[in-house]
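Values quoted throughout were computed directly from the atomic coordinates according to the rules given, and no laboratory measurement underlies them. Keep in mind that what you see is a predicted model, and the values were worked out from it rather than measured. Every residue, glycine as well, gets a Cβ built from its backbone with ideal geometry; the counts of neighbours run over all protein chains shown.
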Ligand code: HEM
């Protein structure tokens, strides 16, 4: 009889001896903590945050855990975020979750996707033209992080709500930005010092949610009112589709459910993309050959309308994916085992321990990616040898039933925006970026840069 190997007990990461364990380092300098974890061989490393947690990097473990939300639920995240995401897809499980995904999927395909592509291309070209004009005038100082956040939120508000953020919805922009910061602060406070006591920021949090809800409800009401009499919906864009959608029982969505789904799409769908875009611009500024190839591709891409455009920009998409490998915006995905388990890598996890599935570590593991620290977009091209890289190997979009609904949209958005900006300007950052962890892993500060003519 073959005796199975003894389960692996992950070694404790050095440091973290204070009362809050490794948490202060994770917040102050996540990349240093992640780099220290990467230096420890093996599929997992233990940390204290301050409760016991494992940072996991083996792609098999990531997929195994994410495939089974019953054995590995999302624990604290769900009640904590209920005021923001309500009954939306993000916080559902089981049959209700499957039904919600089925309901939202058409909003990411067919005519709705074509409408999104046009909006993204128009907004990207407008920013590129503005930047080109500024570069030509010698007035090219920009804050990359802010510019990408504004662009991604403008696009999300337009494609999901039909709203012009600059024109009729500036309050939505302010509320969403404030909400993101407060969600992070509250999650951190709950993790480090769970008290349940009211904080001075509670009122600001509630006000930001109320503003977001009001704006979304207003957009829904305006769209409904604009439908010709007798029309029961159509396939024009995501909002039209959701207004006409039927739930599990065949009924159209109640206004508050519709509002929650739209709030989820707005919140999940822009900061991640904006962060990835900022990192992409920084990495491309540092990698002349990759940038020159992007410029050449962007200039020769045929003027295709619709989703076919992405097929004309393989290098742009490869640059975006390579950025996600090195700087995945969702750098850890949290789960908690309901009972003791042994993962496919052999790591033993006890009931209730925090599991931090780390796309950041998986993406930089030399066991999976040759020249793991280099920026080599070519590994993503369909004809790459030995085989093209796969997002399944590091899960930047998650995996399993909760896998990102907007992956296709994000990849499209990333490629179109990188191509439009590369055609228009050359970006020179003031200084190398330092990563900080808020909700996503993002470069610290506004990331100032100067634009030069392309
Ligand atoms: C580069 C950009 C993006 C990244 C890195 C990203 C990453 C992720 C990850 C890791 C998850 C899974 C979280 C978990 O399992 O706990 C997720 C879920 C989700 N994402 Fe994205 N995302 C991106 C863009 C988008 C966009 C553009 C949308 C569009 C609306 C979107 C909508 C969602 C939704 C609705 C979910 C929840 C799915 C569910 O629970 O079934 N994401 N995303």
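Using Cα-only point scatterers and the Debye equation, what is log10 of I(q)/I(0) for segment 242-282 at each q in 0.15 Å⁻¹, rounded to two decimals?
For segment 242-282, the Cα-only Debye profile gives -0.50.
Can you compute the helix-only [θ] at 222 nm over the chain? Use -39500 (n - 2.57) per DSSP H run of at least 4 residues, normalise by all residues, nearest 500 deg cm²/dmol. Can you show the working numbers first?
Values: 16 runs with 224 residues, N = 454.
So the calculated ellipticity at 222 nm is -16000 deg cm²/dmol.
Express as a percent, rounded to the nearest 5, the fraction of DSSP beta bridges in the chain (both residues included) that run antiparallel. Write out the running numbers ahead of the final one.
Details: 22 of 28 bridges.
The antiparallel proportion sits near 80 percent.
Tell me, 335, 123 in order of fewest to most beta-carbon neighbours within 10 Å? List each step's numbers first, then the result.
Numbers: 335 23, 123 20.
Going from sparsest to densest Cβ surroundings: 123, 335.
Plugging the Kirkwood radius over Cα pairs into Stokes-Einstein for segment 320-454, at a temperature of 37 °C and a viscosity of 0.692 mPa s, what D comes out in µm²/s?
In µm²/s, the coefficient is 191.
If I model a spin label at residue 98 and residue 32 as a point 7 Å from the Cα along the Cα→Cβ vector, what separation in nanometres do I get?
4.7 nm
What ranking of 404, 319 emerges when the number of other C-beta atoms within 10 Å of each C-beta is taken as an exposure proxy, fewest first?
Working: 404 18, 319 29.
The fewest-first ordering by Cβ neighbours comes to 404, 319.
Would you mind pulling out the separation of the Cα centroids of segment 366-422 and segment 235-257, in Å?
Using only Cα atoms to place each centre, the spacing works out to 32 Å.
Compute the projected area of the convex hull of the Cα atoms of segment 1-40, averaged over all viewing directions, and report it in nm² to one decimal place. The partial results should precede the final answer.
Working: hull surface 15.5 nm².
The orientation-averaged projected area of the Cα hull of segment 1-40 comes to 3.9 nm².
With every atom except the alpha carbons ignored, what do you get for Rg and Dmax of segment 87-181, in angstroms?
When restricted to the Cα atoms of segment 87-181, Rg and Dmax are 16.9, 57 Å.
Using only the Cα atoms, work out Rg/Rh for segment 70-130, with Rh taken as the Kirkwood radius, to two decimals.
Details: Rg = 17.0 Å, Rh = 14.4 Å.
Computed over Cα atoms, the ratio is 1.18.
How high is the relative contact order of segment 23-453, in percent, counting Cα pairs under 8 Å that sit 6 or more residues apart? Intermediate values should be presented prior to the final figure.
Numbers: 672 pairs, mean separation 128.1, N = 431.
Result for segment 23-453 is 30 percent.
Mind giving me the nanometre distance, one decimal, between the label points for residue 288 and residue 39, set 7 Å out from Cα along Cα→Cβ?
Taking the simple label geometry, residue 288 and residue 39 are separated by 3.2 nm.
To the nearest Å, what is the center-to-center distance of segment 278-341 and segment 167-181, using C-alpha atoms only?
26 Å
How big is the chain along each principal axis, measuring the range of its Cα positions in Å and listing the largest first?
The principal-axis extents, from largest down, are 69, 54, 50 Å.
Return one quarter of the surface area of the convex hull spanned by the alpha-carbon atoms of segment 19-159, equal to its mean projected area, in nm².
Details: hull surface 53.4 nm².
Averaged projected area of segment 19-159's Cα convex hull equals 13.4 nm².
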